[in-house]
Amino acid sequence: MQRTISKLLEIRWHGRAGQGAKSAAQILAEAALAEGMYVQAFPEYGAERSGAPMRAFNKISPRYIRSHSPVLNPDVVLVLDDTLLGVIPVTDGMKEDSVLIVNTSRSVDWVKNKTGFSGKICIVRATDIAFEETGRGMPNTSMLGALVKVTGTVSLETVEQNIQGTLEGKIPAKVLEGNLRALRRGFEEVTCGG
């Protein structure tokens, strides 16, 4: 499979425990590995309880990754819960050419006003999509689809294959299909401004 990135890509996920940020980071890493890249995926928890703010990280590169530190200057930040905006410093360390992807039903301008970030901002109604497709409000697969569309880091097909290979037989087929639809809709419905 052709590599779609030429240098180290650092990604930081912000969410609440139980929203699937750790799982999404792992799925992304496994998909990038399947496409021949070097990867890292790891979470960072504060208070380990459901609903508590947490972070997960990805590093993806066509070359060996020597650093094992948290992502301090991300190329991409994903926020799985828009109630974290203005509460957690999600834009810390972001550069002018970084991309902020937020799960929200609000506008790009609302995100810009809430965060003060003036770079590229993308939004997707990931929780709504998840409810519609799976009956649960787990925004991680929709957010993963949005990330794939915005960055081109890995192919959507590779992520679909990874999800199917990882979850088949572990969850009901109906839930698996719902997650695959949510992934595709996140890919199709993400919009960007800024």
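Read the figures in this text as sums done on the coordinates, not as results from a lab. The structure presented is a predicted model; accordingly, all values stated were derived computationally and were not measured. Neighbour counts run over all protein chains shown; Cβ positions are idealised from the backbone, glycine included.
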Practice problem: Could you tell me which trypsin sites (Lys or Arg not before Pro) in the range 71-162 are loop residues by DSSP with no more than 10 other beta carbons within 10 angstrom of their beta carbon? | Solution: Lys95
Exercise. Would you mind telling me which residue in Ser155, Ser69, Ser142 has the biggest mean-square fluctuation in a Gaussian network model of the chain, where springs connect alpha carbons within a distance under 10 angstrom?
Key: Ser69
Quiz prompt | Selection from Leu176, Cys122, Val77, by position along the positive dipole direction of the range 50-194 (Cβ) | solution = Val77
Quiz item: Among all lysine pairs in the chain that are eight or more places apart or on different chains, how many have alpha carbons less than 25 angstrom apart?
Solution: 24
Quiz item: How many angstrom lie between the C-alpha centres of the range 7-36 and the range 102-117?
Solution: 22
Practice problem: Can you pull the one-decimal nm distance between simple spin-label points at Leu33 and Val175, each 7 Å off the Cα toward Cβ? | Solution: 2.3
Quiz item: GluC sites (Glu not before Pro) within the range 59-137: which are DSSP loop residues with at most 13 other Cβ atoms inside 10 Å?
Solution: Glu96
Quiz item: How much of the DSSP beta bridge set in the chain is antiparallel, as a percent to the nearest 5?
Solution: 55
Quiz item: Could you give the dipole magnitude of the chain about its Cα centre, charging the beta-carbon of Lys and Arg +1 and that of Asp and Glu -1, in debye to the nearest 20?
Solution: 260
Quiz prompt | Cα gyration tensor shape for the range 119-194, rounded if a/c is under 1.5, else prolate or oblate | solution = oblate
Quiz item: Which whole-number percentage describes the relative contact order of the chain, with Cα contacts under 8 Å and a sequence gap of 6 or more?
Solution: 22
Quiz prompt | Charge tally in the Cβ shell below 11 Å around Ala130, where Lys, Arg are +1 and Asp, Glu are -1, Ala130 excluded | solution = +1
Quiz item: In the set (i) 41; (ii) 31; (iii) 10, which value of percent of Cα pairs over 31 Å apart was calculated from the structure you see?
Solution: (iii)
Exercise. Order by neighbour count: Arg181, Arg66, Arg12, fewest other Cβ atoms within 10 Å first, most last.
Key: Arg66, Arg181, Arg12
